[in-house]
Every structure is written in structure tokens, then in C-alpha cells.
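Quick notes on the structure that follows.
FYI, it's all coordinate maths here, none of it is from the lab. Just so it is clear, the model here is predicted, and its values are computed rather than measured. Cβ atoms come from the backbone with ideal geometry, glycine included; neighbour counts cover every protein chain shown.
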Amino acid sequence: MTKRKNILILNGPNLNLLGTRQPEIYGSQTLKDLEEMCVNKGKACSMNIQFEQSNSESKLVTSIQDAINTSDGIIINAAGYSHTSVAILDALNSFSGYVVEVHISDISKREEFRKFSYVSLRADYVIMGKGLEGYIEAIEKMRQQD
Ligand code: CA2
């Protein structure tokens, strides 16, 4: 029997505001709705989903470090830190499992400063511009890894 995969879904700063501001960019569903969608998809895929959000760069780094021993894959939307954080990139580079980067909006079509992502330098797969469905696609992608 194959082992159930443990997947960490990590969300960066301000994503706790989902559904409360800027619905034209990020939609009207909340972070709680997103967590529920991901946990349900995980159940359907026989995977354990650990869902986290933090506004703190150091907490995100610590969660990635913890995942080295506990998770088979990381799905990460580092939000604003995607464009600035060498520390998050360094932590991801210490993780040997599969990494999917997700962005709700299409960062390639927004301001110049959003077009570069440090996380993309490590990510095995990148999904952007698909709204919250991007997370579901990311879980699906995780399922396809052996
Ligand atoms: O499109 C994405 O998922 C982003 O990672 C979201 C980040 C942004 O800095 C990235 O460039 C692209 C911002 C997250 C803030 O989320 C909010 C959601 C609702 C209301 C206010 C902020």
C-alpha cells in the first residue's frame, strides 16, 4: 500500500485578508473557505493537508524548515515575500520534496516588481492567475508525483 502524502500549504502576508478587500483581484472567498477547499481536495486525493498562513517571514522560514522532516511536498503562496525573500528561497532549497508555487493573480501581468519571484527559482511547478482553483490544481499536481 502506498503511504499517504503529507502536504504543507503555506500562505504568506496579507492572505488572511482574502475575501475582505480587493475582490476584483483576489476574489470574494475567505482564507477559511480556501482552507476548507484544500482540506476537502486533500481528502479526495488521500493526502494529509496542513494549511498555514503567517504574516511573519521568520515563521514562514521555520514552517519550511519543520517540513523538511514532516512533509512530502510544499505548496506555497509566499505573497509579497515571493518578490523579496532570499531567506524563504534558502529554506526551500533545503527541502528536498516537490514544491509548487501558487499565485492567485497573474503576477506576470501586474506591476514590474511582481514579475520576479525568488520562490520560482526553487519551485518545481508554478501556477498563477487561476484564482483559488490554482491551489486545487497544485494539490492535483502533488498527487501525480511518486
Ligand atoms: O496573486 C497572489 O497570490 C499574490 O501572491 C498575492 C500577494 C501579492 O503581493 C503577490 O504579488 C501576488 C498579496 C496577498 C494579499 O492578499 C490580499 C487579499 C485580499 C485583500 C488584500 C490582500
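A P(r) calculated from all alpha carbon pairs of the stretch 52-125, with 10 Å bins opening at zero, reads 20, 57, 21, 2 percent. The charge dipole of the chain, taken about the Cα centre with unit charges on the Cβ atoms of Lys, Arg (+1) and Asp, Glu (-1), comes to about 180 debye, rounded to the nearest 20.
The Cα atoms of the stretch 1-108 define a convex hull whose projected area, averaged across directions, is 7.2 nm². For the chain, adding -39500 (n - 2.57) for each run of n ≥ 4 DSSP H residues and dividing by the number of residues yields -10500 deg cm²/dmol at 222 nm.
Residues whose amide H lies under 5 Å from that of I127, counting only those 5 or more places away or on a different chain, are E101, V102, H103; hydrogens are built 1.01 Å from N in the peptide plane. Put simply, when 7-17, 108-118, 52-62, 128-138 are sorted by average Cβ atoms within 10 angstrom per residue, most first, you get 7-17, 128-138, 52-62, 108-118. The 3J(HN,Hα) values that the Karplus relation (6.51, -1.76, 1.60; θ = phi - 60°) gives for the stretch 21-32 are, in residue order, 9, 6, x, 5, 9, 10, x, 10, 7, 8, 4, 5 Hz. Gly and Pro appear as x.
Taking a ≥ b ≥ c as the square roots of the eigenvalues of the Cα gyration tensor of the stretch 1-58, is the shape rounded (a/c under 1.5), prolate (a/b larger than b/c) or oblate? Oblate.
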